[in-house]
Amino acid sequence: MTFGIIGYGNMGSCIGERLKSLYKIWAFDKDDSKVNCLSGIKRAGTSNDLLKHVDVIIAAVKPQDF
């Protein structure tokens, strides 16, 4: 199973770091600096690109950004 995380801030990064040893993880954040140096997690260039590669999506964004 492959997970995709949209929003890689405090909550998204905690979830991703915990799950990466168990599942394949893709991440996307509108701020590229949050996903540029990921280890063991694939970076998606856009949210649409992320959707092409994952089975489950985790939306880890603030309500006003949703």
Among (1) surrounded by 15 or more Cβ atoms within 10 Å (Cβ to Cβ); (2) part of a loop (DSSP other than H, G, I, E, B), which single condition is residue 39 missing?
(1)
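Pick out the one residue from 25, 58 that is open to solvent by less than 30 Å² (accessible area, probe 1.4 Å) and assigned to a strand (DSSP E or B).
Numbers: 58 fails: open to solvent by less than 30 Å² (accessible area, probe 1.4 Å).
Testing whether each residue is open to solvent by less than 30 Å² (accessible area, probe 1.4 Å) and assigned to a strand (DSSP E or B) leaves just 25.
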Filtering region 42-55 down to residues that are in a loop (DSSP other than H, G, I, E, B) and among the aliphatic types (A, V, I, L, M), which residue is nearest to residue 7 (Cα to Cα)?
44
Check residue 33 against each of (1) of a type outside the set (D, E, K, R); (2) in a helix (DSSP H, G or I); (3) at pLDDT 95 or above and name the one condition it does not meet.
(3)
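The values are calculated or read from the model by the stated rules, or taken from the named source; none is laboratory data. Everything numeric in this text was worked out from a predicted model, so none of it was measured. Glycine also receives a Cβ, built like all others from the backbone with ideal geometry; neighbour counts cover every protein chain displayed. SASA here: full protein model, heavy atoms, side chains in, ligands and nucleic acids out. Shrake-Rupley method; radii C 1.70, N 1.55, O 1.52, S 1.80 Å.
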